[in-house]
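Visitor: Starting off with a structure, shown below.
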Amino acid sequence: MNLIYQNIKTTYLLLAAAIFLVNCKAKGPDQVEKDARMSESSVQLTEAQAIHASVETVVPEMTTLSNTLSLNGKLEVMPENIISVSTPMAGFVKGIRKSSGVSVTRGEELLRLEDAGLIQLQQDYLSSSSGLGYARRELERQKELKATQAASEKAFLQAEEHMTSLLITSRSLAEKLRLLHIDPSTVSPERILSSVAVRAPESGTITGIYINTGKYVQPGDELMKIFARKGVKLMLSAYEKDLPYISKGQKIMAKPSAGGRETYTGKVEQVIGDIDANGLARVVCSLDLPSSVQIPGTYFSAQVEAAAHSGWTIPEEALVRHEGKQFVFIEKPNKSYELVEVEPGEHENGRIQIHNGEMLKGSRIVSKGAYTLLMKMKNVGD
């Protein structure tokens, strides 16, 4: 009886051992060796896992990059080229010659003003000019009388003072006429104007009209607004990290973001170093545009031929994205790898610049198998 019991016990032990061995084979070597240690920022492989992952490493290289930056922006009118049209004369708007959106040239008539004050101004000028002629003759007469002692010094000085006063008045009135674009030499008793033209102070496009026919305006009132054609600039936005590679005079190529086929050339005029809340600076560019495209607010995408520079680079496949950020794996002892966040820059010939690459100097970076390591680190690998 004892012998039978002993045989049954031995049979069960052998059967259990056989089942254990079958299960081990079914799991495979990676499941059996599940003891690879993992954390949130590193992973360590066993010998078998390292062979299976086919991990390869390289060292970062200092590379000269021919830098081309892709920037976006829009057309803006510089403040000094936004022109308010006004007049030094009060009056009624008699006629408006132009409409909003129309291009005008310097000196072109925009509207006409009519006022009794304009007639009075011309009459005062004619009167002072006529009186000035008499005053000059009287001064010459007093000068001659003084020379022969036939007149007193006082009479001569009074005549001189009177002529000087009339001369100042006449010149002042002449300047007022010129401000209204009236040539004083054309004013005569037979030719006194009842209205005056308000003309464009610069060539450009009318962007606003703030009057209507019959309205009475005061001196200095804004009648229209013009932006000068030469004043349209392309304002690009650039990240702070790109500013060292942008300088005055660099060539740009730009085209409308809405999908226009035409590409326009230009150059960088100024880099405004103030950084906004989004980490962006403004780059002022001139652009050779036809008048039909010079529309403020039009968005453009541009390529800036930035200065060539040196930087630490790694193969593009070494970069992995994790939780919305960019990382590389750095090789550590005993087949362990540490995940390190990097700041990628420009791409060129299959390599990518790392702005904070100095910290990678001397390290070996995983160039092949990086995503396999990332999956194992997240515990979803083989």
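The values are calculated or read from the model by the stated rules, or taken from the named source; none is laboratory data. Source: prediction; values computed, not measured. Ideal geometry is used to build each Cβ from the backbone, glycine not excepted, and the neighbour counts take in all protein chains shown.
Here's the yes/no breakdown for (1) more than 17 Å from Gly345 (Cβ to Cβ); (2) free of Cβ contacts under 8 Å to residues at least 60 places away in the same chain:
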position	(1), (2)
Val232	yes, no
Ile246	no, no
Ala254	yes, yes
Gly273	yes, yes
Ser286	yes, yes
Ser291	yes, no
Ile295	yes, no
Glu305	no, no
Gly311	no, no
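Visitor: Yes or no: Ala258 within 15 Å of Ala238 (Cβ to Cβ), touching a residue at least 40 places away in the same chain (Cβ under 8 Å) and either in the same structural domain as Val366 (by TED's automatic domain parsing) or of a type outside the set (Val, Ile, Thr) (or both)?
Guide: No; evaluated as a whole, the condition is false for this residue.
Visitor: In segment 209-231, how many are in a strand (DSSP E or B) and not small (Gly, Ala, Ser)?
Guide: 7
Visitor: Let me ask another. (1) within 28 Å of Gly350 (Cα to Cα); (2) outside any strand (DSSP E or B): which one isn't true of Phe327, the others all being true?
Guide: The one condition Phe327 does not meet is (2).
Visitor: Which count do you get for residues in segment 150-194 that are in contact (Cβ under 8 Å) with a residue 40 or more places away in the chain, assigned to a helix (DSSP H, G or I) and surrounded by 14 or more Cβ atoms within 10 Å (Cβ to Cβ)?
Guide: 7
Results for (1) over 21 Å from Ala197 (Cβ atoms); (2) in a helix (DSSP H, G or I); (3) out of contact with any strand residue (DSSP E or B) (no Cβ under 8 Å at 6 or more places or on another chain); (4) among the hydroxyl-bearing types (Ser, Thr, Tyr), shown as yes or no for each residue.
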residue	(1), (2), (3), (4)
Leu111	no, no, no, no
Leu121	no, yes, yes, no
Ser130	yes, yes, yes, yes
Leu139	yes, yes, yes, no
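Visitor: While we're looking at this one, here's another question. Identify all residues within segment 246-268 that are of a type outside the set (A, V, I, L, M) and surrounded by 15 or more Cβ atoms within 10 Å (Cβ to Cβ); write none if there are none.
Guide: Passing the criteria: Gln250, Lys255, Pro256, Tyr264, Gly266, Lys267.
Visitor: Which of the residues belonging to segment 269-307 are closer than 29 Å to Met62 by Cβ and loosely packed, with under 11 Cβ neighbours inside 10 Å?
Guide: Result: Gly273, single match.
Visitor: Going by what's in this entry, would Ser363 be described as outside any strand (DSSP E or B), modelled with pLDDT of 90 or more and not assigned by TED's automatic domain parsing to the domain that holds Tyr264?
Guide: In short, yes.
Visitor: Which of the residues belonging to segment 328-350 are buried (at least 20 other Cβ atoms within 10 Å of the Cβ) and either touching a residue at least 24 places away in the same chain (Cβ under 8 Å) or of a type in the set (Gly, Ala, Ser) (or both)?
Guide: Val328, Phe329, Tyr337, Leu339, Gly345, Glu346, listed by residue number.
Visitor: Of the numbered conditions (1) within 30 Å of Thr64 (Cβ to Cβ); (2) at pLDDT 90 or above; (3) under 12 Å from the mean Cα position of the chain (by Cα), Gly273 satisfies every one except a single condition; which is it?
Guide: Exception for Gly273: condition (2).
Visitor: While we're looking at this one, here's another question. With the condition kept exactly as written, say whether any residue in segment 204-213 is touching a Phe, Trp or Tyr at 6+ places or on another chain (Cβ under 7 Å), modelled with pLDDT of 85 or more and crowded, with 18+ Cβ neighbours inside 10 Å.
Guide: yes
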